[in-house]
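Here the structure comes first, spelled out in structure tokens, and everything after it is commentary.
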Amino acid sequence: MKDLPVAELADGIRSKTMDLLARRRKIGVIHPLPDKSQWPKVNLGFKLLPPLAKRDVGRQRKNRIVGCLEKGGGKPKTKGRVVPNKEDQ
């Protein structure tokens, strides 16, 4: 198709377009199935189960513990304020 004139290229595109339109006319109209009762019954030969449960909603829990040599790993992980013992004072 390198050295074809523009008119021949246009004819080729036009003929391919007409072929595509003719194929679409042969297919016809596909009507939707409004109710599940109209779905075809199929025997799969095995029992099809629903998918497994998904993860919970929200931020996922962090499982990895930061090492002592990594950035931010040197501080103790405490909840709340550290209160000194009375015996230490």
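Scan the stretch 1-57 for residues that are in contact with a Gly (Cβ under 9 Å, 6 or more places away or on another chain) and surrounded by 10 or more Cβ atoms within 10 Å (Cβ to Cβ) and jot them down.
Passing the criteria: only L4.
Can you confirm whether L48 is assigned to a loop (DSSP other than H, G, I, E, B) and touching a Phe, Trp or Tyr at 6+ places or on another chain (Cβ under 9 Å)?
No, not satisfied.
Considering only residues that are of a type in the set (G, A, S) and not in a helix (DSSP H, G or I), look in the stretch 24-45 and name the one that is modelled with the lowest pLDDT.
Checking each candidate, the answer is G28.
The values are calculated or read from the model by the stated rules, or taken from the named source; none is laboratory data. It should be emphasised that the depicted structure is a prediction, and the values quoted were computed from it without experimental measurement. We place every Cβ from the backbone using ideal geometry, glycine too, and count neighbours over all the protein chains shown.
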